[in-house]
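The values are calculated or read from the model by the stated rules, or taken from the named source; none is laboratory data. The model shown is predicted, which means the values in this text are computed figures rather than measured ones. Note that each Cβ is placed from the backbone with ideal geometry, even for glycine, and that neighbours are counted across all protein chains shown.
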Amino acid sequence: MLVKTLACGICGSDLHALHHMEHMIETSRRASGGGDGGPMGGGFDPTADTVFGHEFCAEILEHGPGTTGLLKPGTRVVSVPATITGTGVELLGYSNNLPGGFAERMILSEMMLLEVKNGLPTDQAALTEPFAVGAHAVAKARLDKDSVSLVIGCGPVGLAVIAGLKAKGHGPVIAADYSPRRRAAAEMLGADLVIDPAAEPARPVGGLRRPHGSRRPEHGAHDGQDLRPTRGLRVRRLAGHPAAPDRGQPRRQPDRRRRRLHGDRQDRAGHRHHQGDRADLRVRLFPEEFARTLHQISEGVIDVSRVVTGKVGLSEVAQAFVTLGDPDPT
């Protein structure tokens, strides 16, 4: 299917790949067991031209050979960022053969397309992919009704995890980040407790209280009264300042069997590199979670109306990469 790109988000992975693509390929290779079958390792050349972009909303222009034509030209769609070809699967945004969402046109697989309905704004529809990543992390965590979730790092993926937790009715959810803007976004997406690790020293979880000045009184049930030490504490280390876990995390270590880590690390030179659970480093297509996330956004179960903080044209993308590298740009 030939489509026209309408909107595309800049992912944290794009920021990493711009400067550390070789490291990402090596991490991908190791995650796949050391062979050439990693999601980015098999034939991908980091020195060749690559068009980034995997968080997109597009409009159908033309149907290719062998398609059913059920979705008509002019229909707005989103898709899992992968296109099935005669030789395998191309990861859109990290392919030498097919362009990603920063291109004016893309080639998508008809079987992967989901129609954007309910008058959902295009820029909000483009957020389906990152919020589906959060939903996938929540599904992998296998939470029970007594679990308390701690999200350390409230960048895009951290926020998506918070939204995914609340969409499934989990709580309380504790969010920690140094950035005031990110803490505000975490609160907006439903975090029950928001912590500034620089201002609030680590202490037993039962002593936590809702931050002074919180505008979310409806979450008073989670003001710390029912936050008892528990073996069900789930820690999600997403990104952000490397000291965050040291000061924002409760003194009691969670059960290692129940901890899930997602995100990146930062070396002493300030460079960030992907790391995480080996199983989750493999690229997995999760069409059911993707479709469910689009439905939740369309129905307002996940409110992303205030998540988009800026829009730029193609000529401004380079500066946008610089700006997004700072969680609190001035």
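If you go through the stretch 304-316 and keep only what is at pLDDT 90 or above and surrounded by 15 or more Cβ atoms within 10 Å (Cβ to Cβ), you end up with just V304.
Conditions (1) of a type in the set (D, E); (2) free of Cβ contacts under 8 Å to residues at least 60 places away in the same chain; (3) buried (at least 23 other Cβ atoms within 10 Å of the Cβ); (4) not assigned by TED's automatic domain parsing to the domain that holds G169, marked per residue:
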| site | (1), (2), (3), (4) |
| --- | --- |
| T50 | no, yes, no, yes |
| T67 | no, no, no, yes |
| L70 | no, yes, no, yes |
| G74 | no, yes, no, yes |
| L113 | no, no, no, yes |
| V116 | no, no, yes, yes |
| L143 | no, no, no, no |
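Taken together, the residues in the stretch 145-160 that are touching a His at 6+ places or on another chain (Cβ under 8 Å) and surrounded by fewer than 21 Cβ atoms within 10 Å (Cβ to Cβ) amount to 1. Filtered by the rule that a residue be closer than 19 Å to E288 by Cβ, of a type in the set (A, V, I, L, M, F, W, C) and not in a helix (DSSP H, G or I), the stretch 106-119 gives L108, L113, L114, V116.
Here are A163, A184: which of them is buried (at least 24 other Cβ atoms within 10 Å of the Cβ), at negative phi and at pLDDT 50 or above? None of the other options fit; the residue is A163. Just a yes or no: is a residue in the stretch 125-132 of a type in the set (F, W, Y) and either modelled with pLDDT under 95 or touching a Cys at 6+ places or on another chain (Cβ under 8 Å) (or both)? Taking every residue of the stretch 125-132 in turn, none turns out to be of a type in the set (F, W, Y) and either modelled with pLDDT under 95 or touching a Cys at 6+ places or on another chain (Cβ under 8 Å) (or both).
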